[in-house]
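Peer 1: Below you'll find the structure I mean.
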Amino acid sequence: MSNQETSNDGELTLLAVGTKKGLWLGTSDDRVSYTFTGPHFLMQEIPSIGIDTRGGRTRIMVGLRSEHWGPTVAHSDDFGATWQEPEHGAITFPADTGAALERVWQIQPDGADRPGVVWAGCEPISVWKSVDGGEHFELNRGLWDHPHRSEWGAGFGGAAAHTVLPSPADPDTIHIAMSTGGVYRSLDGGASWEPRNKGIGATFLPEETPEFGQCVHKVARDANHPEVLFAQNHGGVYRSGDSGDSWDYIARGLPADFGFTVMTHPRRSDTAWVIPIKADAERIPPDGQLAVHRTDDGGHSWTRLEEGLVQPEFNVVLRDAAAVDSAEPVGVYFGTRGGSVYASADEGNHFFEVLSHLPDVLCVRAAAIEL
């Protein structure tokens, strides 16, 4: 831990870890020593977490999935001391759809200039919008009624709309990604959607680069140039410089191009992190050696980051089980399916284990909060 940088004075780091059997919440004033509470929602699956720090309030939103009560979204404004959820559910399909909510895969607060707006991506494949801070959501009919919907399929984990990326520069521009279906973009606030997958491979389909149908695992947006996107595909890491109109393969230099997660720097352009997995048929870190890889030049080169990680490791990191904070330097966090949670306070150069022996880690989120 001696090599770890510490947070700026006056900041508190909130680290939220969602697992197959509950939620753990940690706080730290130095990004070295963490105090955790939990499990919250013991024996409930937590596939999604959103932390909303807009307007001087910290709201934690979690997608819950109970085998008995089903899925919903709950929120806390006091760091998990109390939780609220709507009596009739935060996300409920209209009767005319004939559908029922299976899982909340993504909770994404919008920009600071759009207070109260929160997006959710769900199973069955659907996108939802809240205007009251994540308490109630409305189905996006433009995507639900899309003519491609009957051809979208289920990835290994389910039919997931797992990425929702509102553009900070334009409230009408939104990108989503789904497994399986690929990347779609709206230029009219979600009224209509078009596939944006040119250059992304789909080796499991007869046409390897189809218009849609790709199993894109995760997409992240560049902080300074909203038209720049990074994607971790089911085989392939890609970068787009034109808002998804075309994609370039950037996985050369990585030990494998399969993986689930991708993260971008909150301030520095063309900096991204991925966590490679050997292959879809061998879902382990390459050679059983877990490592994060960072690019600082848009994918032209990659730096291997593994100091402090316990080896060997044969568990993988899932698509939302990794996150960055906004502190200086940036913190990098992730959890494995073996229940280990790692933190770095120096952009991944050094890691240390902050939790271990948890259930499968499904989701990790972190935020730097001004005191």
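The values are calculated or read from the model by the stated rules, or taken from the named source; none is laboratory data. Small disclaimer: the values here were computed from a predicted structure and weren't measured. Neighbour counts are summed over all protein chains in view; Cβ atoms, including those assigned to glycine, are modelled from backbone coordinates with ideal geometry.
Peer 1: Out of all the residues in the stretch 109-154, which are of a type in the set (Gly, Ala, Ser) and surrounded by fewer than 19 Cβ atoms within 10 Å (Cβ to Cβ)?
Peer 2: Scanning the stretch 109-154 gives GLY111, ALA112, GLY116, GLY142, SER150, GLY153, ALA154.
Peer 1: Let me ask something additional. For HIS68, which of the numbered conditions (1) in contact with a Lys or Arg (Cβ under 9 Å, 6 or more places away or on another chain); (2) surrounded by fewer than 16 Cβ atoms within 10 Å (Cβ to Cβ) fails to hold?
Peer 2: Going through the list (1) in contact with a Lys or Arg (Cβ under 9 Å, 6 or more places away or on another chain); (2) surrounded by fewer than 16 Cβ atoms within 10 Å (Cβ to Cβ), HIS68 breaks only (1).
Peer 1: Could you check the stretch 71-91 and list, in sequence order, the residues that are touching a Pro at 6+ places or on another chain (Cβ under 9 Å) and free of Cβ contacts under 8 Å to residues at least 24 places away in the same chain?
Peer 2: Passing the criteria: only GLY89.
So that you can scan it fast, the table gives a plain yes or no per residue for (1) free of Cβ contacts under 8 Å to residues at least 40 places away in the same chain; (2) closer than 23 Å to LEU318 by Cβ; (3) of a type outside the set (Ser, Thr, Tyr); (4) touching a Ser or Thr at 6+ places or on another chain (Cβ under 7 Å):
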residue	(1), (2), (3), (4)
LEU64	no, yes, yes, yes
PRO94	no, no, yes, no
ARG103	no, yes, yes, no
ILE107	no, yes, yes, yes
ALA112	no, no, yes, no
ALA160	no, yes, yes, yes
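Peer 1: Pairs only if they're at least six apart or on different chains, beta carbon under 6 angstrom, first in the stretch 263-274 and under 15 Å from ARG304 (Cβ atoms), second small (Gly, Ala, Ser); list them, first residue then second.
Peer 2: Correct list of pairs: VAL274/GLY259.
Peer 1: Let me ask something additional. Given the residues GLY348, GLY299, which is the only one that is at pLDDT 95 or above, more than 18 Å from the chain's Cα centre (by Cα) and closer than 21 Å to HIS217 by Cβ?
Peer 2: GLY299
Table: residues versus (1) assigned to a loop (DSSP other than H, G, I, E, B); (2) at pLDDT below 95; (3) basic (Lys, Arg).
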site	(1), (2), (3)
ALA100	yes, no, no
TRP105	no, no, no
ALA112	yes, yes, no
PRO115	yes, yes, no
CYS122	no, no, no
GLU135	yes, no, no
GLY142	no, no, no
